[in-house]
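Just so it is clear, none of the values below were taken in a lab; they were calculated from the coordinates. Just so it is clear, the model here is predicted, and its values are computed rather than measured. No Cβ is skipped: glycine too gets one built from the backbone with ideal geometry, and neighbour counts run over all protein chains shown.
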Amino acid sequence: MFKFKIVLAGDKNVGKSSLLIRFCEGKFHEDLKETIGVDFKRKKVVINYDSKEIPLELSIWDFGGEDKYRSLFPAYANGAAAAFILFDTTNKKSLYGLENWVKIIADNAFKNVVWIFIATKIDLKDQREVSKKEALTFFEKYRWGKEIFKTSAKTGENVEKAFIHTARKLIDLNLQNCTGCGDFFSKKLNYCTICGEKIEKKQL
Ligand code: GDP
Ligand code: MG
């Protein structure tokens, strides 16, 4: 089982805990209590990749966002393989609150961290404050992948899609396919953990 850490980043109330609960438990709470300090949940997924089934365990970290816990930020982001950057489509301020988060993650996560940009609460269409153009301008500034995931933890729209997309990216970046047995193993190793086949490192 391959394990990856994903961190959720974004201002208080953008919907980090709701996204996590929707993905891990399939539920939504209108009156969710605020997260105190740091919380995390694990979820197993099986990804169909190159006609193989690859089981992954995602540990998803959720930060309360209160200022008094800011000293925990670097430890929170440490070793993250993917970072979800969330803004609330009904709160313009939440988009600009992200700059700080991005810096902390860039400084502490893995160098090849997968960045996933998430717009939340898209079910609240009549309360929307952030235009598509504004979100796109922010997104393009950082060159994060190809798409903004427009999600609703309430209806579940695009929540699973965002995590499965991330899992595939994590496989692309971190795992390699053994030429001997066809199984997957970490790119950090130069032998297959299943059959022991040695991998010749390509000269760069
Ligand atoms: P966090 O502080 O980033 O963890 O945000 P929460 O997950 O606690 O969400 C803050 C509030 O927004 C809660 O009252 C949630 O019920 C609500 N909320 C979160 N996601 C959604 C969503 O997709 N749609 C709607 N309508 N409300 C949401
Ligand atoms: Mg929370």
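Observations on the model:
- Electrostatic dipole magnitude of the stretch 2-175 [Cβ: Lys, Arg +1; Asp, Glu -1; Cα centre; debye, to 20]: 280
- Sorted on the mean count of surrounding Cβ atoms within 10 Å across their residues, most packed first, peptides 168-176, 44-52 read 168-176, 44-52.
- For the chain, the longest principal axis of the C-alpha atoms and the axis of helix 16-25 are separated by about 50°.
- A simple packing score, the average count of other Cβ atoms within 10 Å per residue, orders the peptides 70-83, 27-40, 180-193 as 70-83, 180-193, 27-40, with the highest score first.
- When each of K27/K92; K27/K133; K5/K43; K43/K198; K16/K92; K3/K187 is checked by Cα-Cα distance, pairs over 22 Å: K27/K92; K27/K133; K43/K198
- Classification of the chain by its C-alpha gyration tensor yields a prolate form. The axis ratio a/c (a ≥ b ≥ c) is 1.5 or more, and a/b outweighs b/c.
- Rg to Rh quotient for the stretch 103-204, alpha carbon positions, Kirkwood Rh: 1.12
- Relative to the current alpha-carbon distance between K187 and L173, full extension at 0.36 nm per residue lengthens the span by 4.2 nm.
- The sum of -39500 (n - 2.57) across all DSSP H runs of n ≥ 4, divided by the residue count of the chain, sets its helix-only mean residue ellipticity at 222 nm to -8000 deg cm²/dmol.
- Per-residue ³J(HN,Hα) for the stretch 83-90, Karplus 6.51 cos²θ - 1.76 cosθ + 1.60, θ = phi - 60°, Hz, x for Gly and Pro: 10, 9, 9, 10, 10, 9, 5, 9
- When peptides 5-13, 133-141 are ranked by their average number of other Cβ atoms within 10 Å per residue, the highest-first order is 5-13, 133-141.
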